[in-house]
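Data first, discussion second: the structure below is written as structure tokens.
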Amino acid sequence: MTYRAEYIWIDGNTPTAEIRSKTKVLADGEEPGIWGFDGSSTNQATGDNSDVVLQPVFQCPDPVRKGDNILVLCETLLTDLTPHPTNTRAAAREAMEKYGDQQPWFGMEQEYTMLEPDTKWPYGFPPHGFPGPQGPYYCGVGAVKIAGRDLVEEHTSACIEAGLAISGTNAEVMPGQWEFQIGPVDTLTVGDHLWIARYLLYRVGEFHHVEISIEAKPMKGDWNGAGMHTNFSTQAMRQSYEAVELAAKSLGAEGKPAEHLAGYGHGIEDRLTGEHETQRYDQYSYGVSDRGASVRIPWQVAKDGKGYIEDRRPNANADPYVVATLMTNTVCGALA
Ligand code: ADP
Ligand code: MN
Ligand code: MN
Ligand code: MN
């Protein structure tokens, strides 16, 4: 008997890295070991020196193939077995090693847009026009307001069957736009689970002939962009409001806003306009309950006097390893 391992890695595509995967058929009892691929086809190598190494780092049941089949998330390595320059997980590993004793937790809210693959027009928009203005769609119910819920439900079930830390889903402000959340889990796990959850979303989308886009501003004009709000806490923040405020302040320290925005996803200036529940990209602010701030302190956190902060800036197309590394190093560095 055999089973299948789907090896999943992140490519070198610019400006936004994408998921690649391929299948290895294994004999029963055979472990998924080191493998490789042609990096000249993924923007990760030149043709004359094309081999890139796949190092399995996280595996879970494959909820699409079911049975004994598995998903195998990999880090990419050079042939000397050091991290490939596009391997962003390596830095997340280091941040976790350095600051793991502060017990960093992340909850990431992945927004995305369903598109009709032939026209790239949002799913739920009339074929040659626009739906009514935003208002009724966020967390809406009913066939007039909602498109694509079957896909969302299948994706959620798949994430649960895979054992991912999915914590919820909701319909978003723009029709055809949805969100799922991963967390709370540590600096490394949030990226592992979120990348696998993205893989499953694209995969389930194939069955529905729906394209999934994590573009930050898929529709110009008076339509919300797609973000990846990142909720963050440390053990100290979960115990004291002073630590919560210090964390929010640390993200605004000299040089920090620019450093973070550079890692928060392509096209961030187009999304962080100061409209549509965002703060402008060139300003930093934080506040209780403030969805127009860069960083929000949830009202419950202010009331309880402890908890977490929400960095509202990351784009939907950001790399969760990069976002988690930046936040861990900045906030844990300031709290140390
Ligand atoms: P919003 O009100 O901004 O839409 P969501 O409910 O979509 O918030 O997402 C909140 C996320 O924060 C969830 O993924 C949740 O697991 C996570 N979360 C909750 N508590 C903490 C915490 N103490 N530290 C980090 N993340 C947390
Ligand atoms: Mn949310
Ligand atoms: Mn949202
Ligand atoms: Mn949010």
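The values are calculated or read from the model by the stated rules, or taken from the named source; none is laboratory data. Because the structure is a prediction, the values reported are computed rather than measured. Note: ideal-geometry Cβ built from the backbone for every residue, glycine included; neighbour counts use all protein chains shown. Accessible surface areas use protein heavy atoms only, side chains included; no ligands, DNA or RNA. Shrake-Rupley method; radii C 1.70, N 1.55, O 1.52, S 1.80 Å.
Quick notes on this one:
- The label point for W35 and the one for R280, both projected 7 Å from the Cα toward the Cβ, are 4.9 nm apart.
- Distant-in-sequence amide H partners of N317 (H built 1.01 Å from N, under 5 Å): A216
- The 3J(HN,Hα) values that the Karplus relation (6.51, -1.76, 1.60; θ = phi - 60°) gives for segment 178-186 are, in residue order, 9, 9, 10, 10, 10, x, x, 9, 6 Hz. Gly and Pro appear as x.
- Share of carbon and sulfur in the accessible heavy-atom surface of the chain [1.4 Å probe, %]: 50
- Additional length obtainable on full extension of the chain from C139 to T14, 0.36 nm per residue less Cα span: 41.7 nm
- The distance between label points at T2 and A336 comes to 4.9 nm (points 7 Å beyond Cα on the Cα→Cβ vector).
- Residue by residue, segment 193-198 carries 3J(HN,Hα) couplings of 5, 5, 5, 5, 5, 5 Hz when phi is fed to the Karplus relation 6.51 cos²θ - 1.76 cosθ + 1.60 (θ = phi - 60°); x denotes Gly or Pro.
- Note on the chain: Lys pairs 8 or more places apart or on different chains, Cα atoms under 18 Å apart, count 5.
- Restriction of the trypsin sites (Lys or Arg not before Pro) in segment 248-290 to DSSP coil positions whose beta-carbon has at most 15 other beta-carbons within 10 angstrom yields R280.
- Relative contact order, whole percent, for segment 2-87 stands at 29, derived from Cα pairs under 8 Å and 6 or more residues apart.
- Scalar couplings 3J(HN,Hα) for segment 123-128, obtained by applying the Karplus form with A = 6.51, B = -1.76, C = 1.60 to θ = phi - 60°, are 4, x, 7, x, x, 10 Hz; x denotes Gly and Pro.
- FRET efficiency estimate (nearest 0.05) - Cβ-Cβ, T79 to S289, R0 51 angstrom: 0.50
- Cleavage-rule hits, chymotrypsin sites (Phe, Trp or Tyr not before Pro), segment 70-142, DSSP coil, Cβ neighbours within 10 Å at most 16: Y138
- Taking amide H positions as modeled 1.01 Å from N, with prolines and chain starts lacking one, the residues under 5 Å from R238 and 5 or more places away or on another chain are G307.
- Among T46, V25, T82 the positive-end extreme of the charge dipole of segment 2-87 (Cβ point charges): V25
- Interchain or long-range residues, amide H under 5 Å from G36's placed H: L54
- Modelled FRET efficiency - R0 35 Å, E259 with K120, Cβ distances, 0.05 increments: 0.60
- For E153 and N49, the FRET efficiency from 1/(1 + (r/R0)^6), where r spans their Cβ atoms and R0 equals 45 Å, is about 0.50.
- Point-to-point label distance, D270-E242, nm (Cα→Cβ direction, 7 Å offset): 4.5
- Estimated dipole of the chain in Debye, rounded to 20 [Cβ of Lys and Arg +1, of Asp and Glu -1, Cα centre]: 680
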